[in-house]
Each structure stands twice: as structure tokens, then as C-alpha cells.
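Peer 1: My questions all concern the structure below.
The values are calculated or read from the model by the stated rules, or taken from the named source; none is laboratory data. Predicted, not measured: the structure shown is a model, and the values here were computed from it. Cβ atoms come from the backbone with ideal geometry, glycine included; neighbour counts cover every protein chain shown. SASA here: full protein model, heavy atoms, side chains in, ligands and nucleic acids out. Shrake-Rupley method; radii C 1.70, N 1.55, O 1.52, S 1.80 Å.
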Amino acid sequence: MKTVEKMEFSYLQQAKDYVDEVYEMVKKRNPDQVEFQQAVKEVFDSLIPVLAKHPNYMQQAILERMVEPERTITFRVPWVDDKGKVRVNRGYRVQFSSALGPYKGGIRFHPTVNESIIKFLGFEQTFKNSLTGQPIGGAKGGADFDPKGKSEMEIMRFTQSFMTELSKHIGPDLDVPAGDIGVGAKEIGYMFGQYKKLRGAYEAGVLTGKGIGYGGSLARKEATGYGTAYFMDAMFKDNGLSLDGCKVIVSGSGNVSIYAMEKMVELGANVIACSDSDGYIYDENGIYLETVKRLKEEEQGRIREYIKEHPHAMFKEGCSGIWEIPCDIALPCATQNEIDDSAARLLVANGVKAVGEGANMPTTLEAIEIFLENNILFAPAKAVNAGGVAVSALEMAQNSARLAWSFEEVDSKLYEIMNNIYTTSTKAAEDYGQPGNLVLGANIAGFIKVADAMIAQGII
Ligand code: GLU
């Protein structure tokens, strides 16, 4: 064997050993955090060729540093319900990385929230934000509060109590939260009001996803969904395919799903199914999106009500069954781990061409493996759903400049960013010998920027 080859071979083995060793440490240090372990494993498996090519990352202990959040804050959130009963929830903010800019990432209110969920989201966010090319670090927060069935006043009181503590840890140049599951413009409004009152100053850039009338950005609401569709379009075009007439299944019916459906339809596709936590609807000739929008955005209704207005459609109890419907494109836009190995096998058997992760980590590691083995075009969350946070960064830019851009201006920037993310991830996959593997490409491209910034800033 020639010396160079020998050297590369030895670094490859060293990289594999290093990744195994750090992953074992992650499991030992975070024994119950299965979602966090899953997110780390997905990234680590992609990084072996990079570490082998640039052994300096290993010498700098970059992985050990990256898997430890810079700061984890947990706090008590006491509030009083409508019956006068005192309730207590647990709040979190995990400030994962400030290598590229102020901590940035959403807040999730959902009963499943725990430290593992927030850490996996914060870890993912760091690489996603890096991929956007914008100056934002990574963070995530939330609470195990269930907004379902709560009154307006209960939601306001809870949200204010949450912000009373969170306000001590955030700021426009420090940490800029936004929405996620269970947190939309309404909750952001209450959070902003409470922050403003406590701070005694109008710091517009402290939160993103604000209402348009007081510092929010046009196209932020649509951004994650539209961005997902733009990315799928770029991927299809690059592979000589067209979205025209493609049958699409979009799980969920929240903010990401609704605007992914809207843009996919605009780009020529036909959305035939969507869901909520009760079950899914299947409307063979295409969903009437206006009905879904009204039910979900205005009436806080359930997706099952769709069939009252469109009796030819079908509603089925349980949300996992949605993947049994044959389709060309699957866009899981609901929540983590909604596509497991059996759903993936079914989708492949039914001829799916592409899968795009509108939600964060909606596909299990086994399911990703199945898609990649079967040469299904697979768009990973960090890349395909980065449009939301990208427009959040544009909202921060507008707030700093005290300007408001038009919808078209923001939308065209979003389009450009999504296309850049596609190109960058594709190129990284090619550079590291696995063309078309965007899981690898997105992880590598996201990682390199964060790692280089960390090294440049010293051991801190
Ligand atoms: N929660 C969104 C995400 O997962 C948006 C975060 C943000 O806008 O800061 O990327």
C-alpha cells in the first residue's frame, strides 16, 4: 500500500473509533435521552469521512464539545387555571451553540416535552441554522404544557409565567426564540408582551414569528412549508423529474403542513392526504386546502370535521395509517419518529419516489436506511425544513434595520436560501464520495462551518 493510502486508511479507522468512543460517552452521560442519542447517531455516522480527511477535528475534541450544550436551563412554570387551581409545568431552554451567532431556535409546548426532546431539537437546530448560511447559533426550548383544551386566558397566563423566567436568559444579541409545535403567533405575542414589560424596552429582535403589525416578517408563517416545497422542487429538477401531477401525502395539519401543501399544489403536485393527532383524511382527487386552513387556523377544529363538508373523502382514526396510501412524495410534517421501518417499507413497496422531512426527525434511523438503500430521494429535516428559521433570521435582520420587506422580497430570499442549501448539501455528499446522499451532505456541510468557527474561537 502507498504511504498516502496507508495514512488515509489509518485515519479512517481512527475516525470510526473516535466516533464510537464519543457516542458511547453520549449514551453513558445521557442514559435516558433516546431521542437525543438518535439525533447524535445520525450526525456522527455521516461525519466519519470528514474526520478521516481532517484529523484536526479529532485532535481538537470537536465532537465531545459539540454534544455538550453550552448551557441547559430548566425552570418551574407555575400558573393558575380557570378554576383557581395552581398548576406547575417544567420549562426548558437548551442553548446548544453560539459558534455562528446568537442562540436561535423555537419553543415547543407539548406534553411530550422533556430534556431529551429539547436536546435533540437543539442539536439538530445548530446544524440546520449553519446550513442556512446565516449568522445564527442553535437552541431550543419548551415546556410539557398541553395547550389542547386550555382556554385563551389559561394559555396567556401560562405563557407569561414561562416568559417571566425565560426573559432572564434571552435577548436580541443573546438568544432569540421563536415558535414550534404548540407555539404560534398568538403565544409569541404574549411572550413578547411579557418580555417587553419586564425589560422596560422595545427589543423587537428578541423573538421571531411576531405579528406583522409589531415587527414580524411577512412570509414567516409560510416559510417552513414553502421552503420544504422549494427544496423538493430543486431536488426533483436536479434529478430530471417534475412535481407535476405527483401524488403527495403530508402528515399533520399545523403550520408546516398547511403551507407545504399550499406550495406543493402551486408547483403542480396533488396533495391527497393530511392528518392530526386523531387520524387522517384521504381525498383521492386532491384536498380542499381552504377547508383545512379554516378548520385549523380559524376554528381550532379537528381534521375529522373535513368529511362533513366533503363527504366523498375518507377519515380514518389513528395517524400512522396515513403512510399506507400509495403516493409519489411523502412529506412527514407532524412530529418526531412518525415514520418507522414498517411505514418506510410500505411506502417503498407502494412506489414512493421521494421523502421530505418537514418535521424535525420524523423518520427513525432504520427507516432512513430503508429509503437510502432503495434509492428513494430523501431530503433530511436539517436541510428541507430550514426555511422557517431562515426567515426568522431575515426577521431579525429587518428588526435590526428597523425596516419591513415586502412578501415578495422575503419569499425570493427564501427561495434562494433553499436552493443554496440544496446545492451545498449535494456538493458535500459528492465531495465525500456518496453522491445523492443528502443526509450525509447536510450533516457534513452543517458541521464544517460550526466546527471551523469553534476552532477559530479557541477552547471556550
Ligand atoms: N421551530 C422551527 C425549527 O424547527 C423554527 C425555529 C426558529 O424560527 O427559530 O426550525
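Peer 1: In this structure, is N419 more than 13 Å from the ligand (Cβ to nearest atom) and in a helix (DSSP H, G or I)?
Peer 2: On the way: more than 13 Å from the ligand (Cβ to nearest atom): yes; in a helix (DSSP H, G or I): yes.
So N419 passes the test.
Peer 1: Which count do you get for residues in segment 220-241 that are farther than 18 Å from S253 by Cα and either aromatic (F, W, Y) or outside any helix (DSSP H, G or I) (or both)?
Peer 2: Looking only at that region, the number is 6.
Peer 1: Select from segment 314-362 the residues that are free of Cβ contacts under 8 Å to residues at least 60 places away in the same chain and among the charged types (D, E, K, R) and write down the one among them that is nearest to Y226 (Cα to Cα).
Peer 2: E357
Peer 1: With the checklist (1) in contact (Cβ under 8 Å) with a residue 40 or more places away in the chain; (2) surrounded by fewer than 18 Cβ atoms within 10 Å (Cβ to Cβ) in hand, flag the one item G106 doesn't pass.
Peer 2: (2)
Peer 1: Touching a residue at least 24 places away in the same chain (Cβ under 8 Å), in contact with a Leu (Cβ under 8 Å, 6 or more places away or on another chain) and away from the ligand (no atom under 13 Å from the Cβ): does that describe M156? Steps first, please.
Peer 2: On the way: touching a residue at least 24 places away in the same chain (Cβ under 8 Å): yes; in contact with a Leu (Cβ under 8 Å, 6 or more places away or on another chain): no; away from the ligand (no atom under 13 Å from the Cβ): yes.
In short, no.
Peer 1: Identify, from the list K308, K293, K263, the residue that is farther than 21 Å from A383 by Cα, in a helix (DSSP H, G or I), among the charged types (D, E, K, R) and within 22 Å of the chain's Cα centre (by Cα).
Peer 2: Details: K308 fails: within 22 Å of the chain's Cα centre (by Cα); K263 fails: farther than 21 Å from A383 by Cα.
The unique qualifying residue is K293.
Peer 1: Moving to a separate point now. Could you tell me whether segment 404-419 includes any residue that is closer than 30 Å to A61 by Cα, modelled with pLDDT of 95 or more and open to solvent by less than 60 Å² (accessible area, probe 1.4 Å)? Even if it seems obvious, please write down each step before you answer.
Peer 2: Our first condition is that a residue be closer than 30 Å to A61 by Cα; within segment 404-419, this holds for none.
No, every residue in segment 404-419 fails to be closer than 30 Å to A61 by Cα, modelled with pLDDT of 95 or more and open to solvent by less than 60 Å² (accessible area, probe 1.4 Å).
Peer 1: Take the residues in segment 81-102 that are in a strand (DSSP E or B) and among the charged types (D, E, K, R), then tell me which one is farthest from the ligand (Cβ to nearest atom). Quick ask: steps written out before the conclusion?
Peer 2: In the first step, residues of segment 81-102 are kept if they are in a strand (DSSP E or B); the result is 86-97.
Adding the requirement that they be among the charged types (D, E, K, R) leaves 87, 90, 93.
Numbers: R87: 25, R90: 19, R93: 12 Å.
Within segment 81-102, the match that is farthest from the ligand (Cβ to nearest atom) is R87.
Peer 1: Filter segment 294-337 down to the residues that are within 25 Å of M361 (Cα to Cα), open to solvent by less than 20 Å² (accessible area, probe 1.4 Å) and not small (G, A, S) and list them by number. Explain how you work it out, then say what you get.
Peer 2: Just the residues of segment 294-337 that are within 25 Å of M361 (Cα to Cα), to begin with: 296-297, 302-303, 316-337.
Retained after the next criterion (residues that are open to solvent by less than 20 Å² (accessible area, probe 1.4 Å)): 303, 321-323, 325, 327, 329-333.
The answer is I303, I322, W323, I325, C327, I329, L331, P332, C333.
Peer 1: If you don't mind, there's one more thing I want to ask. Scan segment 429-451 residue by residue and report those that are over 19 Å from E369 (Cα atoms) and small (G, A, S).
Peer 2: Step one: list which residues in segment 429-451 are over 19 Å from E369 (Cα atoms), which gives 431, 445-451.
Result: A445, G446, A451.
Peer 1: Being under 23 Å from N255 (Cβ atoms), open to solvent by less than 40 Å² (accessible area, probe 1.4 Å), of a type in the set (G, A, S) and not in a loop (DSSP other than H, G, I, E, B) narrows it down to one of A344, A367, A393, A359, so name that one.
Peer 2: Details: A344 fails: under 23 Å from N255 (Cβ atoms); A367 fails: under 23 Å from N255 (Cβ atoms); A359 fails: not in a loop (DSSP other than H, G, I, E, B).
Testing whether each residue is under 23 Å from N255 (Cβ atoms), open to solvent by less than 40 Å² (accessible area, probe 1.4 Å), of a type in the set (G, A, S) and not in a loop (DSSP other than H, G, I, E, B) leaves just A393.
Here's the yes/no breakdown for (1) within 16 Å of the ligand (Cβ to nearest atom); (2) among the charged types (D, E, K, R); (3) farther than 21 Å from K427 by Cα:
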position: L365; (1), (2), (3): no, no, yes
position: F371; (1), (2), (3): no, no, no
position: A379; (1), (2), (3): yes, no, no
position: A386; (1), (2), (3): yes, no, no
position: V391; (1), (2), (3): yes, no, yes
position: M396; (1), (2), (3): yes, no, yes
position: S400; (1), (2), (3): yes, no, yes
position: A404; (1), (2), (3): no, no, yes
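Peer 1: Would you pick out the residues in segment 420-437 that are under 17 Å from the mean Cα position of the chain (by Cα) and open to solvent by 10 Å² or more (accessible area, probe 1.4 Å)? Give the steps one after another, and end with the answer.
Peer 2: Narrowing segment 420-437 to residues under 17 Å from the mean Cα position of the chain (by Cα): 421-422, 425.
Result: Y422, single match.
Peer 1: Also: Any idea which residue in segment 103-145 is farthest from the ligand (Cβ to nearest atom), counting only those that are part of a loop (DSSP other than H, G, I, E, B) and touching a Gly at 6+ places or on another chain (Cβ under 8 Å)?
Peer 2: F145
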